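Right, one structure below, let's go through it.
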Amino acid sequence: MTSKKITFTLIIQLFFFTVYAQKLPVVQQASLRAPADIKIDGKPKEWGNKFQAYNKTTGVYYTISNDTENLYLAIYSNEKDFTDKILRNGINISFNAKKKSAEGSVIIKYPLSQAQNMEESNKYVETIYKSRTEDPLLLKMNKAIVTRNKHIKIFGAKALTDTLFSIYDAKGVMVGIDCPAANVFYYEIAIPLKYLQFTSEALPRINYNIQTNGSWLAHLRPPSFWAEEAYKVYAADFWGEYALAK
């Protein structure tokens, strides 16, 4: 496929999702039974690129679903700044069966922040500001970050004594991320309901929080960055409530 065709395709997709986002609620309203063939691989084909909500605060589309054993979350971002923020700083997903609070929540951190690799992080920022939407170098760097993320952190699950796990052996928690294009990010996770301290029969609702983490630049005092750029630097999150589908 030529560069012009790729660019045209991306423009059409961006237009579609811009119109699509305007029609979506900021928090998912419906309960969904997960597809029987659901696969956690960072390629949420099961949803046909149709998500249940679009949250402007975090810049992500998402869908939550469940079956009798797991809760599933699929996230999608197609905006350059939000995708950059996610890949560099990571995401925290929190689940709380009792209240909308970090206290008592099961918290999952994945992908993890890239802040520890400052040299690579700085190169990434440089590339972003020099690149165009279809820039193959930016796509290459995004995929490198995906490849490096081989660990997941899980806090608050009473059945687990450790907090750091390989993504290939996370005690039943399954994750998958992918960057098929320069500004596109897909995220999928499955977490066993048993870790959330309830079953679908015992307590049919759960509170959840999706947070895109902030940068180390957030510790700097203004005017270290422009006010209109703050959303790129500070953490952003929102709470929602999901009723388990029977």
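For this structure, a couple of remarks:
- Every pair of residues 6+ apart whose Cβ atoms lie under 7 Å, when the first sits in the range 74-95 and is in contact (Cβ under 8 Å) with a residue 12 or more places away in the chain and on the phi > 0 side of the Ramachandran plot while the second is assigned to a strand (DSSP E or B) and surrounded by fewer than 22 Cβ atoms within 10 Å (Cβ to Cβ): Gly90/Lys109
- Condition check for Thr83: in contact with a helix residue (DSSP H, G or I) (Cβ under 8 Å, 6 or more places away or on another chain), closer than 24 Å to Ala230 by Cβ, in a loop (DSSP other than H, G, I, E, B) and of a type in the set (S, T, N, Q): no
- Among the numbered conditions (1) among the hydrophobic types (A, V, I, L, M, F, W, C); (2) over 21 Å from Ser215 (Cα atoms); (3) at pLDDT 75 or above, the only one that Leu137 does not meet is (3).
- None of Ala218, Ala235, Ala230 is modelled with pLDDT of 65 or more and more than 19 Å from the chain's Cα centre (by Cα) except Ala230.
- Lone unmet requirement of (1) modelled with pLDDT under 95; (2) not in a loop (DSSP other than H, G, I, E, B) for Ile75: (1)
- Residue check for Asp41: closer than 26 Å to Lys150 by Cβ, surrounded by fewer than 16 Cβ atoms within 10 Å (Cβ to Cβ) and either in contact with a Lys or Arg (Cβ under 6 Å, 6 or more places away or on another chain) or among the charged types (D, E, K, R) (or both): yes
- Failed item, numbered, when Ile40 is tested on (1) outside any loop (DSSP other than H, G, I, E, B); (2) modelled with pLDDT of 95 or more: (1)
- One residue from Gly172, Gly176 being touching a Phe, Trp or Tyr at 6+ places or on another chain (Cβ under 8 Å), surrounded by fewer than 16 Cβ atoms within 10 Å (Cβ to Cβ) and not polar (S, T, N, Q): Gly172
The values are calculated or read from the model by the stated rules, or taken from the named source; none is laboratory data. Fair warning: this is a prediction, and the values are worked out from it, not measured in the lab. Please note: Cβ atoms are built from the backbone with ideal geometry, for glycine as well, and neighbour counts cover all protein chains shown.
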